[in-house]
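The values are calculated or read from the model by the stated rules, or taken from the named source; none is laboratory data. Treat the numbers as computed from the prediction; the structure is a model and nothing was measured. Cβ: placed from backbone, ideal geometry, glycine included. Neighbour counts: every protein chain shown.
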Amino acid sequence: MIALPDRAALFLDLDGTLIDLAATPDAVTVPEGLADVLTSLRNRLGGALAIVTGRPIEQVDALLPNVATAVAGEHGGVIRSNPGAAMQRAAGHAIPQNWLDTAAALVARYPGALLERKTRGYVLHFRGNPAAGSVFEDDLRHRLQHWPHHCLSAAHMAWEVKPAGIDKGVAVDTLMALPPFAGRVPVFIGDDVTDEDGMRAARAFGGLGLQVQEHFGDASGVRSWLAAL
Ligand SMILES: [Mg+2]
């Protein structure tokens, strides 16, 4: 079993890491017992536990209403460093309205596909219609070719348009500069491409970046490990 370093800080992705992936982002269920495990770990780590996710913070609050942790939402675009603190939003460009209109029209052509809006980005999900994947990718790549304010990111059966220069590594760096994280050894756990930035940042602090499939198998493996700590 992987040992937690002394004076660790935990940075945990949510979907596919703490909770099982579902057909759509709305369809996930939070396993019984997860909230208690996170709360006791958070207390043991002096508060140094953060959820670092692509979801907006509001969704994290809705999924884990009784778990008071730091949260970096929207891949680090919005950060709440303490449970009671205000949300800090990174400055950035809005998505042009005509892009969103086109995205809605595009998704309508592929039943089962889904448009998810974020504060400064959007996601085209194609788990429900895999044939749409390459069409969505082509459209977004073409759009972003001459637009420096956002970038394209691959997720599980989805393409995400994210603010450029913001990623989970930035989220780790930001939180590691603040109490109760500062001076601790970060351990980042995630299952997806976007988590690799967070893992790299954790390693740069002398910590660990752990890939779910490689070290735990799946989210239930992560939950067992966390419970055993
Ligand atoms: Mg994930």
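Just a few scattered comments:
- Restricted to helices (runs of 4 or more DSSP H) entirely inside segment 1-117, those with at least 1 residues that are closer than 20 Å to T174 by Cα are 34-44, 57-63.
- When we screen A23, A103, A68, A9 for residues that are small (G, A, S), more than 16 Å from the ligand (Cβ to nearest atom) and at pLDDT below 95, the only hit is A68.
- Of all the listed residues (S224, S134, S220, S153), the sole one being of a type in the set (S, T, N, Q) and in contact with a strand residue (DSSP E or B) (Cβ under 8 Å, 6 or more places away or on another chain) is S153.
- Selected residue [closer than 23 Å to E116 by Cβ, buried (at least 20 other Cβ atoms within 10 Å of the Cβ) and at pLDDT 90 or above] from L18, L49: L18
- Residue pairs meeting the criteria (Cβ under 6 Å; at least 6 apart or on separate chains; first within 18 Å of G198 (Cβ to Cβ), in segment 41-54; second within 11 Å of the ligand (Cβ to nearest atom) and of a type in the set (G, A, S)): V52/G198
Let's see how each residue does on (1) in contact (Cβ under 8 Å) with a residue 60 or more places away in the chain; (2) crowded, with 18+ Cβ neighbours inside 10 Å; (3) in the same structural domain as G128 (by TED's automatic domain parsing):
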residue	(1), (2), (3)
A158	no, yes, yes
A171	yes, yes, no
A177	no, no, no
F181	yes, yes, no
R184	yes, yes, no
D191	yes, yes, no
G198	yes, yes, no
A201	no, yes, no
Q213	no, no, no
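- Only a single item in (1) over 19 Å from R120 (Cβ atoms); (2) outside the structural domain of R223 (by TED's automatic domain parsing) is not met by R143, and it is number (1).
- Of the residues making up segment 129-146, those that are modelled with pLDDT of 95 or more and either in a strand (DSSP E or B) or not charged (D, E, K, R) (or both) are N129, P130, A131, A132, G133, S134, V135, F136, L140, H142, L144, Q145.
- Residue list for segment 147-156, filter: closer than 14 Å to D191 by Cβ and either in contact (Cβ under 8 Å) with a residue 60 or more places away in the chain or crowded, with 20+ Cβ neighbours inside 10 Å (or both): A155, H156
- In this structure, E32 does not qualify as among the charged types (D, E, K, R) and under 28 Å from P148 (Cβ atoms).
- Boolean, T29 is of a type in the set (S, T, N, Q) and touching a residue at least 40 places away in the same chain (Cβ under 8 Å): no
- Selection within segment 181-229 - modelled with pLDDT of 95 or more, part of a loop (DSSP other than H, G, I, E, B) and away from the ligand (no atom under 15 Å from the Cβ): F181, A182, G183, R184, F205, G206, G207
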